[in-house]
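Peer 1: The structure is given below, and queries will be raised subsequently.
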Amino acid sequence: MKNLLLLLATSISLNCATAQNMQLTIESKSAHDSLFKLVLLYADGHYSIPALQIKTIKNRKTVTKLDIPFPVFALLKFDEAEKRILLIPGRNLSIHVGDSAEEHHLEFEGPAAKENQLIEETRLGKIPFYLKDEKTQNRFASMSQDSLENYLFDAVKTDVSHTSAQINAATVPDSIKLILSNDYRYVQQCYLYDLSSNYMRWAKNPAADSFAGLVMRWLPIPDSAMLRSGFFVNMMTSYQERYAVNLMAKDMRTDKKAATKKLETALGLPFDEIDRQVKLIGERYIIAWLYAKNNLPKSIQDKILFNKVLDAYSDGYINSARILFDSLQMQFPRSAYLSIARDQMAEMKRKFEVNSNNAAIKFYPDKKPATLAELIKPYKGKIVYLDVWGTWCGPCRMEMDYVGEMKKAMKGKDITFLYLDMDDDSKENAWHEYVKFYGIEGEHYRLTNKQIEGHWQEIKAAGGESASYPRYLIFDRQGKLVHVNAERPSSKEKLYKQLNEIL
């Protein structure tokens with residue numbers, strides 16, 4: 001028993017023919033047992049899969065054996081902290097986690113300590129200085145093209161040069177230096193693109209398009225070796241695809257015929273067929289794949305298709321993930337990514353089947369309440385927490401990650417959790433799949449954009465922001481709206497306080 005307490009062993013297998021073993025040891029300085037989540041960043045986004053839970057016993061070491069096919073970045077999540085690490089086959093890593101109230105400090109030991117210390121020192125993935133301020137206060141968002149090019153862009157390139165020199169001077173294998181330096185370059189391109197496509201557009205800066213073009217021309221489309229282990233390398237490739245398609249579609253309002261022809265040529269299909277596949281699979285998944293298939297090197301196409309499989313899976317689009325996975329199997333039967341995707345699809349199927357039989361998930365597909373009062377009426381006598389969301393809404397889906405913790409905190413209390421989804425009728429199955437896949441217990445309704453207009457007018461009249469997703473509202477036992485801007489699940493204790501005060 002003593003040995004079991006000293007060494008809690010956990011294992012995860014990706015069932016890859018070329019997978020190699022490495023050992024991850026975590027020792028937490030916390031005064032209590034801790035739960036860590038390790039998310040492997042195989043694709044092009046901060047998805048919640050593949051992942052495993054690691055439970056640590058206070059002041060004990062927890063050993064986890066990982067079989068990974070190649071180096072991969074990962075997010076180690078615990079308490080309110082999130083740390084980026086690099087896992088290398090054959091290179092063991094020990095992590096000592098401090099208990100600072102503000103930011104947990106990591107200390108590394110073992111063969112993989114140096115590269116992970118480099119990640120900390122170079123602050124890989126940390127928000128850069130020019131995106132620190134909110135949009136309303138960001139001075140870079142309003143800069144002229146000359147200022148952006150001569151000051152900001154030059155400063156970023158100088159930083160990349162200095163950091164690359166720092167990485168190259170480190171005593172780690174050259175292959176690892178290459179992974180770190182490539183990802184550092186491409187994360188800077190990601191952030192500059194975010195500035196041009198998000199912040200500058202919000203500020204209505206006329207230089208947004210030209211600066212975006214400058215950013216996109218800075219670095220080339222990565223090769224297959226870079227895409228294999230890089231995270232931000234993959235993310236930037238996704239941005240490159242999106243940027244190229246958006247350029248072609250830009251003239252749709254002024255010259256629809258010419259824009260349509262460009263898209264058909266670039267995506268290799270008639271426009272009607274593109275539209276059909278978008279409706280069937282989802283725009284963000286199929287457009288990226290069609291563009292890659294017809295415009296990018298064959299050597300990187302399987303990685304891009306694999307990324308979209310995990311993208312759709314993480315979003316809870318079960319049917320889309322299946323279709324994309326079938327394409328991966330058929331077109332790239334020897335892909336190094338196929339076994340990872342196969343394991344994730346099996347896990348997706350298992351998870352979906354378990355939640356499909358959950359009686360606490362209730363759908364009302366035929367009920368289309370025209371007002372908030374009509375929606376709330378069946379629940380009179382109960383406190384109602386209403387979540388207005390959409391399967392297409394990224395922030396809505398992010399908040400769903402905190403729903404389980406919220407319901408655990410409110411367990412046994414007389415609260416009805418009500419969900420009002422805004423999606424077109426064509427998304428009926430996608431709505432059902434998402435809710436079942438993520439096991440979102442509660443009462444579920446769906447309205448189209450036109451049907452939900454009256455609800456938004458009521459919310460606006462009560463002091464809330466119109467058509468702002470996600471939106472959370474709290475109703476008392478008499479059906480009265482008492483919080484039109486209720487806290488969201490991720491706010492945790494603030495939300496629990498609001499609910500408890502009404503109870």
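Peer 1: Is it true that Val233 is in the same structural domain as Asn295 (by TED's automatic domain parsing), of a type outside the set (D, E, K, R), touching a helix residue (DSSP H, G or I) at 6+ places or on another chain (Cβ under 7 Å) and closer than 16 Å to Gly125 by Cβ?
Peer 2: Yes, satisfied.
Peer 1: Does Ile286 satisfy the criteria of being closer than 23 Å to Asp424 by Cα and either β-branched (Val, Ile, Thr) or outside the structural domain of Ser335 (by TED's automatic domain parsing) (or both)?
Peer 2: For Ile286, the condition - closer than 23 Å to Asp424 by Cα and either β-branched (Val, Ile, Thr) or outside the structural domain of Ser335 (by TED's automatic domain parsing) (or both) - is met.
Peer 1: Could you list all residues from segment 357-372 that are of a type in the set (A, V, I, L, M) and either loosely packed, with under 13 Cβ neighbours inside 10 Å or outside any helix (DSSP H, G or I) (or both)?
Peer 2: Ala359, Ala360, Ile361, Ala370
Peer 1: Restricting to segment 445-475, name every residue that is at positive phi and touching a helix residue (DSSP H, G or I) at 6+ places or on another chain (Cβ under 9 Å).
Peer 2: Selection gives Ala467 alone.
Peer 1: Among the numbered criteria (1) more than 30 Å from Ser229 (Cβ to Cβ); (2) at pLDDT below 90, which single criterion is violated by Thr260?
Peer 2: With (1) more than 30 Å from Ser229 (Cβ to Cβ); (2) at pLDDT below 90 applied to Thr260, the lone miss is (2).
Peer 1: Would you confirm whether any residue within segment 16-34 is touching a strand residue (DSSP E or B) at 6+ places or on another chain (Cβ under 6 Å), outside any strand (DSSP E or B) and at pLDDT 90 or above?
Peer 2: No, segment 16-34 contains no residue that is touching a strand residue (DSSP E or B) at 6+ places or on another chain (Cβ under 6 Å), outside any strand (DSSP E or B) and at pLDDT 90 or above.
Yes/no per residue for (1) farther than 14 Å from Trp389 by Cβ; (2) touching a Gly at 6+ places or on another chain (Cβ under 8 Å); (3) surrounded by fewer than 19 Cβ atoms within 10 Å (Cβ to Cβ); (4) not aliphatic (A, V, I, L, M):
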site	(1), (2), (3), (4)
Asn429	yes, no, yes, yes
Asn449	no, no, yes, yes
Tyr472	no, no, no, yes
Val482	yes, no, yes, no
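Peer 1: State all residues of segment 250-287 that are in contact (Cβ under 8 Å) with a residue 12 or more places away in the chain and farther than 25 Å from Leu310 by Cβ; if no residue qualifies, say none.
Peer 2: Across segment 250-287, the qualifying residues are Lys262, Leu263.
Peer 1: Among the residues of segment 349-366, which ones are under 27 Å from the mean Cα position of the chain (by Cα), closer than 23 Å to Thr416 by Cα and among the aromatic types (Phe, Trp, Tyr)?
Peer 2: Phe363
Peer 1: Turning to a different aspect of this structure: So Met252 fits all but one of (1) modelled with pLDDT of 95 or more; (2) more than 22 Å from Ile300 (Cβ to Cβ); (3) assigned by TED's automatic domain parsing to the domain that holds Ile286; what number is the exception?
Peer 2: Among (1) modelled with pLDDT of 95 or more; (2) more than 22 Å from Ile300 (Cβ to Cβ); (3) assigned by TED's automatic domain parsing to the domain that holds Ile286, the lone unmet condition for Met252 is (1).
Peer 1: Something else about it: With respect to Pro222, is the statement that it is crowded, with 16+ Cβ neighbours inside 10 Å and not in a helix (DSSP H, G or I) true?
Peer 2: For Pro222, the condition - crowded, with 16+ Cβ neighbours inside 10 Å and not in a helix (DSSP H, G or I) - is met.
Peer 1: Kindly indicate whether Leu324 is hydrophobic (A, V, I, L, M, F, W, C) and over 19 Å from the mean Cα position of the chain (by Cα).
Peer 2: In short, no.
Peer 1: While we're looking at this one, here's another question. From the list Val384, Val354, which residue is in a strand (DSSP E or B) and either aliphatic (A, V, I, L, M) or closer than 27 Å to Thr448 by Cα (or both)?
Peer 2: Step by step, each of Val384, Val354 is checked, and only Val384 is in a strand (DSSP E or B) and either aliphatic (A, V, I, L, M) or closer than 27 Å to Thr448 by Cα (or both).
Peer 1: Checking the conditions here, which among Leu247, Leu267, Leu227 is in the same structural domain as Ile304 (by TED's automatic domain parsing) and surrounded by fewer than 17 Cβ atoms within 10 Å (Cβ to Cβ)?
Peer 2: On inspection, the qualifying residue turns out to be Leu247.
Peer 1: Need at least 3 residues that are under 17 Å from Asn307 (Cβ atoms) per element, so show me which strands (runs of 3 or more DSSP E) inside segment 48-87 make the cut, counting only ones lying wholly within it.
Peer 2: Fully inside segment 48-87 and qualifying: 72-78.
Peer 1: Now a separate question. Scan (1) under 17 Å from Asp421 (Cα atoms); (2) at pLDDT below 95 for the single condition Tyr385 breaks and write down its number.
Peer 2: (2)
Peer 1: Which one of these is more than 30 Å from Ile26 (Cβ to Cβ), of a type in the set (Ser, Thr, Tyr) and in contact (Cβ under 8 Å) with a residue 60 or more places away in the chain: Ser94, Ser142?
Peer 2: Exactly one residue qualifies, and that residue is Ser142.
Peer 1: Within segment 158-189, how many residues turn out to be in contact (Cβ under 8 Å) with a residue 60 or more places away in the chain and of a type in the set (D, E, K, R)?
Peer 2: Qualifying residue count for the region: 1.
Peer 1: Of everything in segment 88-108 that's of a type in the set (D, E, K, R) and in a strand (DSSP E or B), which residue is modelled with the highest pLDDT?
Peer 2: Across segment 88-108, the extreme among qualifying residues is Arg91.
Peer 1: Tally up the residues in segment 277-323 that are in a helix (DSSP H, G or I), hydroxyl-bearing (Ser, Thr, Tyr) and more than 22 Å from Met226 (Cα to Cα), please.
Peer 2: 3
Peer 1: I'm told Ser466 meets every condition in (1) farther than 17 Å from Tyr385 by Cβ; (2) in contact (Cβ under 8 Å) with a residue 12 or more places away in the chain except one. Can you identify the failing condition by its number?
Peer 2: Failing condition for Ser466: (2).
Peer 1: Only one of these conditions is not met by Val309: (1) crowded, with 18+ Cβ neighbours inside 10 Å; (2) within 18 Å of Pro50 (Cα to Cα); (3) at pLDDT below 95. Which number is it?
Peer 2: (3)
The values are calculated or read from the model by the stated rules, or taken from the named source; none is laboratory data. What you are looking at is a predicted structure, and each value in this text was computed from that prediction instead of being measured. Cβ: placed from backbone, ideal geometry, glycine included. Neighbour counts: every protein chain shown.
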